[in-house]
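These notes are about the structure you will find just below.
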Amino acid sequence: MSNILFTMAEDVEQSTDTLFALKFSVDEYDSLHFAQSLKDLGHQVYFVNWRDLEIGTEIAEFNRMYRFNTESYEKPVALDKFDLIFVYKMEGFYDDPARFSEMLSSFAYTNVVNKIETIKHNLNKSYLWELEKNNIRIIPSFKIADITERLEQGEAFVIKPLCGERGNQIFLAKNQSDLKTIEGREEAFMAQQFMPEIWDGERSLVFLGHEFQLAVIKKPKQMGDEFRCNESLGGTVAVYEPTDQEISFAKNVLKVYEAMGYPVHFSRVDILQVKGAPILLEAELLNPSMYANYSNKGQAFGKELARYFDRLIKANRVIQ
């Protein structure tokens, strides 16, 4: 029997003495399938709200911990007693990088998915430029200082924070005046060439290790210039069957990422189809929604993940 910890985005107001309420419905059923499948394999599964980590003490520990197996809050288990920690969901972690870093440090002596070095690297979207140097086709991406002339020539750019999630602070820039909202903070943002193909759909391919699991296609809300595919912004999600070309491209993204020194276990690769070939939007190795229930594959994917985690735990014990 092993102890497994999930970091979760908790809806604190809806939680009760016997319920750890989850904040985002798209993730809720997936994570419950994950937990149930791990329980079925004999593991003890615990949920925590990442904000409940007490920092600044000699030994960091959580002051609340929900045990999925018994559906109750119990005395928190020491972090070094966990066989695997799944860094899954953390509401607002980009807004509190110091706390997030402290949490990762407290997990340093435990088997973590994804690996801590992978998580830290994936926090900053500058990883896209590293992938490009390794021959991965990405959307043309620039530093803000390098797009002035292009804007004057009529090009449009999607402006993104280098560290951010869920479509926050992302906007379309069509002229220099559109950049006033980030004036003085330009170095914290990147510019990606606007691709009208986004209205054809963003393909999201889910992997465990390097094995393809499922895919969805996300489309922006059909209104005005809205280009963001996030459900919270009115975007839609549907089941998608990727082509062999798209699966091969996504697998190569993960292969290159690992070759750069960052192991990958749990990931989502977001791509567009541009001029008949895939192009990378982002490689989501931290906090990705997996959309398994949209494909009616929630239970099956939960079982696959449980078996994968079970193998990781056993392999780690052999190494130790």
Exercise. In the range 76-88, how many residues are within 22 Å of Tyr308 (Cβ to Cβ) and either free of Cβ contacts under 8 Å to residues at least 12 places away in the same chain or open to solvent by 30 Å² or more (accessible area, probe 1.4 Å) (or both)?
Worked result: 2
Exercise. Out of (1) within 26 Å of Ala300 (Cβ to Cβ); (2) within 18 Å of the chain's Cα centre (by Cα), the odd one out for Ile119 is which?
Worked result: (1)
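From the list Glu91, Glu130, Glu74, which residue is farther than 30 Å from Phe249 by Cβ and more than 15 Å from the chain's Cα centre (by Cα)?
Working: Glu91 fails: more than 15 Å from the chain's Cα centre (by Cα); Glu130 fails: farther than 30 Å from Phe249 by Cβ.
Answer to the selection: Glu74.
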Problem set entry | Ala306, sole failed condition from (1) open to solvent by less than 50 Å² (accessible area, probe 1.4 Å); (2) closer than 30 Å to Gly164 by Cα; (3) out of contact with any Ser or Thr (no Cβ under 6 Å at 6 or more places or on another chain); (4) not hydroxyl-bearing (Ser, Thr, Tyr) | (3)
Problem set entry | Residue in the range 146-163 that is open to solvent by 40 Å² or more (accessible area, probe 1.4 Å) and within 30 Å of Leu22 (Cβ to Cβ) present | yes
Exercise. Under 7 Å by Cβ, and 6 or more places apart or on different chains, what pairs join a residue from the range 89-116 that is under 24 Å from Asn168 (Cβ atoms) with one that is buried (at least 21 other Cβ atoms within 10 Å of the Cβ) and polar (S, T, N, Q)?
Worked result: Lys89/Thr7; Lys89/Asn287; Met90/Thr7; Met90/Asn287
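Among the residues of the range 276-320, how many are of a type in the set (Phe, Trp, Tyr), outside any loop (DSSP other than H, G, I, E, B) and closer than 27 Å to Asp200 by Cβ? Walk me through how you get there before you give the answer.
Let us first name the residues in the range 276-320 that are of a type in the set (Phe, Trp, Tyr), namely 291, 294, 301, 308-309.
Filter again for outside any loop (DSSP other than H, G, I, E, B), leaving 294, 301, 308-309.
With the extra rule that they be closer than 27 Å to Asp200 by Cβ, the set shrinks to 294, 301.
Count: 2.
Go through the range 1-35 and give me each residue that's in a helix (DSSP H, G or I) and open to solvent by less than 70 Å² (accessible area, probe 1.4 Å). Before the answer, list the steps.
Here is the first cut: in the range 1-35, the residues in a helix (DSSP H, G or I) are 12-14, 25-35.
Across the range 1-35, the qualifying residues are Val26, Asp27, Glu28, Asp30, Ser31, Leu32, His33, Phe34, Ala35.
The values are calculated or read from the model by the stated rules, or taken from the named source; none is laboratory data. Because the structure is a prediction, the values reported are computed rather than measured. No Cβ is skipped: glycine too gets one built from the backbone with ideal geometry, and neighbour counts run over all protein chains shown. Areas reflect the complete protein model, heavy atoms only, side chains present, ligands, DNA and RNA absent. Shrake-Rupley method; radii C 1.70, N 1.55, O 1.52, S 1.80 Å.
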